[in-house]
Amino acid sequence: MRLSDFLFAAVLCISALPALACRMTMALEQWPPYLYRDARGSYTGLDLELLRAIFKEARCTLLTVPELPTARRQLLFQKGGLDLMLAASETPERQSYARFSISYRDEAVGVFGKAGTPAAQRHVASFGQLARGKATLLAPKVGWYGAEYAAARPAMEKDGRLNTFGSFQQGLRMLDAGRADLLLGDVLAVRHEARLQGVALTALPFLALRAPVHLMLNAHSTSTADLARLNAAITRLEQRGVLAAIRARYDAP
C-alpha cells in the first residue's frame with residue numbers, strides 16, 4: 001500500500017470513531033423545583049431535566065455525589081473537586097476558576113404577598129416605592145436579587161422592616177404567620193413552596209430581577225472542547241424546542 005493510501009485510510013478510521021466522551025461530576029442539592037428529592041427518593045426538577053437533556057445531546061456522562069452544604073459545595077468546586085454547578089450567574093470574580101455555557105434558562109425574582117394583601121401593597125411597582133412605604137419584607141439571607149433590592153435594603157433594615165429567612169419553607173411559614181407583609185424570592189421556588197403549604201399568594205406587578213443563568217464548568221478540570229460541546233447541544237435543543245418544552249412543564253420563564 002502506498003503511504004498516501006495508508007494515511008487516507010487512517011484518516012477515515014479516525015473520523016469514524018465516536019468523539020471522546022466527556023464526564024463531569026456535580027453535587028446534588030435540595031433546591032425545589034430545580035433539583036430535589038421527590039417522595040420516592042429520586043432526584044428530579046427543572047434544572048436536572050434540562051441538564052440531562054443537554055448531556056444526552058452532547059453525549060456526555062453526568063456523575064453525581066451526595067448533597068453538600070452550599071459553602072462546602074462552592075469550596076470543593078473552586079478546588080477542582082467538582083466539575084459542574086447549575087444555574088450560575090457569570091461574574092468577573094468567577095472568571096479565574098470557571099467557564100460558562102450559553103444560557104439554558106432565565107431566573108426570575110419577584111415579590112409576593114398573601115392573597116388579600118391590601119391594595120396599597122399590591123400596587124407597589126418598584127423597590128424604590130417599597131423602601132419609601134411602610135410594608136415589611138421577608139428576604140433570603142444570601143444571594144443576589146438585583147441592584148434595586150440592594151439599593152433599597154439599607155433603608156428597610158434601618159427602619160426594622162426587613163427580616164431574612166434561610167429556606168423558602170421557612171419564609172412561607174413566616175409570611176403565613178404574619179411576620180411580614182411581603183416576601184422576596186425566586187418566582188418558581190416561592191410558588192412551589194406555596195403550593196406545598198397551601199398558601200395563596202399575590203404577586204406584585206414587577207420583577208426584582210430577570211437574568212440568564214448558565215452551566216458553570218470548572219476551568220481546571222474541564223476543557224474548552226467540553227464547553228463547546230455543551231454549547232452546541234444547548235443550541236440544537238433550543239432550535240428543536242426541546243428545552244422550551246421542559247421549561248413549559250414547570251411554567252418557567
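State the number of residues belonging to the stretch 155-181 that are open to solvent by 80 Å² or more (accessible area, probe 1.4 Å) and within 9 Å of Ala131 (Cβ to Cβ).
Selection size over the stretch 155-181: 1.
Tyr149 versus (1) in a helix (DSSP H, G or I); (2) at pLDDT 95 or above: which is the lone unmet condition?
All conditions are met except number (2).
So Ala71 clears everything in (1) surrounded by fewer than 19 Cβ atoms within 10 Å (Cβ to Cβ); (2) free of Cβ contacts under 8 Å to residues at least 60 places away in the same chain; (3) touching a Lys or Arg at 6+ places or on another chain (Cβ under 7 Å) except one condition, right? Which one?
(3)
With respect to Ser96, is the statement that it is outside any strand (DSSP E or B), small (Gly, Ala, Ser) and modelled with pLDDT of 95 or more true? Break it down into steps so the answer makes sense when it comes.
Working: outside any strand (DSSP E or B): yes; small (Gly, Ala, Ser): yes; modelled with pLDDT of 95 or more: no.
No, not satisfied.
Could you go through the stretch 105-115 and let me know if any residue there is touching a residue at least 24 places away in the same chain (Cβ under 8 Å), buried (at least 20 other Cβ atoms within 10 Å of the Cβ) and part of a helix (DSSP H, G or I).
Taking every residue of the stretch 105-115 in turn, none turns out to be touching a residue at least 24 places away in the same chain (Cβ under 8 Å), buried (at least 20 other Cβ atoms within 10 Å of the Cβ) and part of a helix (DSSP H, G or I).
Checking the structure you have, find out if any residue of the stretch 219-238 is part of a strand (DSSP E or B) and of a type outside the set (Ser, Thr, Tyr).
Here is the first cut: in the stretch 219-238, the residues part of a strand (DSSP E or B) are none.
No, because not a single residue in the stretch 219-238 is part of a strand (DSSP E or B) and of a type outside the set (Ser, Thr, Tyr).
Would it be correct to say that Glu193 is open to solvent by 10 Å² or more (accessible area, probe 1.4 Å), assigned to a helix (DSSP H, G or I) and under 26 Å from Ala119 (Cβ atoms)? Show your work before the answer.
On the way: open to solvent by 10 Å² or more (accessible area, probe 1.4 Å): yes; assigned to a helix (DSSP H, G or I): yes; under 26 Å from Ala119 (Cβ atoms): yes.
So Glu193 passes the test.
Output the qualifying pairs, or none if there are none: Cβ atoms under 6 angstrom, residues six or more apart or on different chains, first residue in the stretch 30-46 and polar (S, T, N, Q), second residue open to solvent by less than 60 Å² (accessible area, probe 1.4 Å) and assigned to a strand (DSSP E or B).
Close Cβ pairs satisfying both conditions: Gln30/Tyr36.
The values are calculated or read from the model by the stated rules, or taken from the named source; none is laboratory data. If you're wondering where the values come from, they're calculated on a predicted model, not measured in any experiment. We place every Cβ from the backbone using ideal geometry, glycine too, and count neighbours over all the protein chains shown. Side chains are part of the model used for accessible areas, which takes the heavy atoms of the whole protein and leaves out ligands, DNA and RNA. Shrake-Rupley method; radii C 1.70, N 1.55, O 1.52, S 1.80 Å.
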